[in-house]
1. Given Cα pairs under 8 Å that are at least 6 residues apart, what percent is the relative contact order of the range 89-161?
2. Counting other beta carbons within 10 Å of each Cβ, put SER258, SER231 in order, fewest first.
3. With contacts defined as alpha carbon pairs under 8 Å and 6 or more residues apart, what's the relative contact order of the chain in percent?
4. Quick check on the chain: helices-only [θ] at 222 nm, where DSSP H runs of length 4 and up contribute -39,500 (n - 2.57) each and the sum goes over total residues. Nearest 500, please.
5. Taking amide H positions as placed in the peptide plane 1.01 Å from N, state which residues far from TRP47 in sequence (5 or more) or on other chains have amide H under 5 Å from it.
6. Using modelled backbone amide H atoms (1.01 Å from N, in-plane), which distant-in-sequence or interchain residues come within less than 5 Å of ASP181's amide H?
7. Semi-axes, largest first, in whole Å: what does sqrt of 5 times each Cα gyration tensor eigenvalue give for the range 60-109?
8. From Cα pairs below 8 angstrom and at least 6 apart in sequence, can you work out the relative contact order of the range 1-121, rounded to a whole percent?
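FYI, it's all coordinate maths here, none of it is from the lab. If you're wondering where the values come from, they're calculated on a predicted model, not measured in any experiment. Because the Cβ atoms are built from the backbone with ideal geometry, glycine has one as well, and the counts that use them run over all protein chains shown.
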Amino acid sequence: MATDAQDKLDSLYQHIQAVILTRQHPVTGLFPASTSINNHGNYTDAWVRDNVYSIQAVWALHLAYKRASNPQKRANELEFACIKMMRGLLFAMMRQSHKVEAFKHSLDPKDALHAKYDTKTGLEAVADDAWGHLQIDATSFYLLMLAQMTKAGSKLIFSRDEFNFIQNLIYYISRTYRTPDYGIWERGNKVNNGKAEINASSVGMAKAAMEAMDGLNLFGSDGPEWAVVHSFADAVARAGSVLQSLLPKESRSKEVDSAILSIIGFPAFAVNDEKLARRTRKEIISKLGVNTAVNAFYSTAISRNWKIKVEFITSTTS
């Protein structure tokens, strides 16, 4: 049995190496959305959301190797690949720290953190007004992953400056409940007129990130007291209230959207009302025809909403 498990881990390791890790930039640690330039455009930049979702597979395999007593000593290699990517995004965003400060006051999309960066340098890839950069779900997802990795024992934050920036990012997402953004599809309004609107997937991801970050010591369990970050309780409550009023719709113009799957189940588990989560899932499946496998997964995830959320955090620390 042990050999079978190790063979499965090794097979996954080879697959992840070939598909994901070979594309990680050796300097910045970032992943390009694509390695090709074709008729559809140039997608070699590193999108924040894509990078965090991509590293989830690497992180999961790291945890699996760790739980299996680290055969072939691969757990550390996989963990460091995750840390390198997370810190690569951290460096890219910290170069725009002035935007975070400005956005807290203006809530202007032009003051938003960029949604994508140059893969080779981590610098801006396009101008502030040349893309729908304000995608609060992406920033929130980054913070959620940061919290999970930190609680699992990984060290991602190394200094006071980095700590201060992460605390500022929590402030940055704290008014998502009243901030129209371009959402996961980067286009805003359903008719693609470039107008931002409040999106349930962004509000839900921000709520999950604030809950995960609140009271977290970014230096780890043995870190100093000053390294503990905090969220606003009223911001979490308001996000929950707005989310409750928006669902099962994604926004005022989008009556249904598969993006909501990310908040009623993995990775955010942001909806506390099980009936509302079921209703939302049913709406998505009936109107968008999500396949049977995804249907089954989210049926299980929603029925065990809080249990899965707790077990994920506790299992990573064992």
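1. Here the relative contact order equals 23 percent.
2. If I rank by nearby Cβ atoms, fewest first, I get SER258, SER231.
3. For the chain, the relative contact order is 13 percent.
4. -17500 deg cm²/dmol
5. Those qualifying (amide H under 5 Å, at least 5 residues apart or on another chain) are ALA33, TYR117.
6. Residues meeting the amide H criterion: GLU197, ILE198, ASN199.
7. 37, 10, 6
8. 30 percent.
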